[in-house]
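The values are calculated or read from the model by the stated rules, or taken from the named source; none is laboratory data. All values derive from a computational prediction rather than experimental measurement. All Cβ positions, glycine included, derive from the backbone under ideal geometry; neighbour counts span all protein chains shown.
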Amino acid sequence: MLQLSGVDAGYGRSQVLFGMDLDVADGEVATLLGRNGMGKTTTVRAIMGLNRASAGHVLFQEREITRWPSYRIAKAGIGLVPEGRQIFPNLTVRENLIATARPPRGDAPAWTEARVYELFPVLKERRGNYGNQLSGGEQQMLAIARALLTNPKLLILDEATEGLAPLVRQDIWGVLEQLKGLGQSILLIDKNLETLLRLADRHTIVERGRVVWRGLTQELRDDSALRERYLGV
């Protein structure tokens, strides 16, 4: 589904990623892990064309997208739930949802406005409210629902539960479990390792812009020294 190989990227003269490698298979839930400031969000921005890679390759469904503009990458089928939500505060919930909605791709069941309301009932109740009238948890649900309405082949969530109340986090993890059950390909960035080990299939750990470990859930669960070295606070 997605493959990064040898990607360098950064901001101006400041290089952040050094030969970044990452894979997400079709129907897989994968994670990108690491402490703050290690290059996770920069990796997402490189995938989406927001920080174009200066070296290496980004492939999506075997197509080279390294030099594509971000709007074309989104249209190709990558849906992003960005860090900080970035919903439109002066649009209603419904307007946020339909502003970037796209028709279904291939034979996959379509994500529609009605279907995302089933996933997030509170959004149906709030559909006439403006984005800046929602709680943080409701804004995050809206960001996920908005991404789903692009009918993505790959869904990327950057810190989807950061700063949210425990009950709201639980609701969002429940939704992600449902999406996994539907076969949605997902790339997750989050700090809740216990939940990620339950939900995800495969993991990549990055340290100072370089991949330091890649492996399956059971391998990461069994290696407490590895978790402490690269993920411990």
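For region 159-183, enumerate the residues that are touching a strand residue (DSSP E or B) at 6+ places or on another chain (Cβ under 7 Å) and modelled with pLDDT under 95.
Passing the criteria: Glu159, Ala160.
Modelled with pLDDT under 95, of a type in the set (Lys, Arg) and either in contact with a Lys or Arg (Cβ under 7 Å, 6 or more places away or on another chain) or not in a strand (DSSP E or B) (or both): does that describe Arg67?
Yes, satisfied.
I'd like the full set of residues that are part of a loop (DSSP other than H, G, I, E, B) and buried (at least 20 other Cβ atoms within 10 Å of the Cβ), limited to region 30-47.
Result: Gly34, Met38, Gly39.
Tell me, which residue of region 207-230 that is more than 25 Å from Glu177 (Cβ to Cβ) and among the β-branched types (Val, Ile, Thr) is surrounded by the fewest Cβ atoms within 10 Å (Cβ to Cβ)?
Once the filter is applied, the top-ranked residue is Val212.
What's the total number of residues in region 168-213 that are of a type in the set (Val, Ile, Thr) and under 26 Å from Pro109 (Cα atoms)?
Selection size over region 168-213: 4.
Determine whether region 197-205 contains at least one residue that is closer than 29 Å to Ser14 by Cβ, in contact with a Phe, Trp or Tyr (Cβ under 6 Å, 6 or more places away or on another chain), in contact (Cβ under 8 Å) with a residue 24 or more places away in the chain and not aromatic (Phe, Trp, Tyr).
yes
Taking region 48-65 as the region of interest, how many residues are under 15 Å from Gly6 (Cα atoms), free of Cβ contacts under 8 Å to residues at least 40 places away in the same chain and either of a type in the set (A, V, I, L, M) or surrounded by 20 or more Cβ atoms within 10 Å (Cβ to Cβ) (or both)?
Residues meeting the conditions: 1.
In region 11-33, what residues are touching a helix residue (DSSP H, G or I) at 6+ places or on another chain (Cβ under 7 Å) and at pLDDT below 95?
Once the filter is applied, which keeps residues that are touching a helix residue (DSSP H, G or I) at 6+ places or on another chain (Cβ under 7 Å) and at pLDDT below 95, region 11-33 yields nothing.
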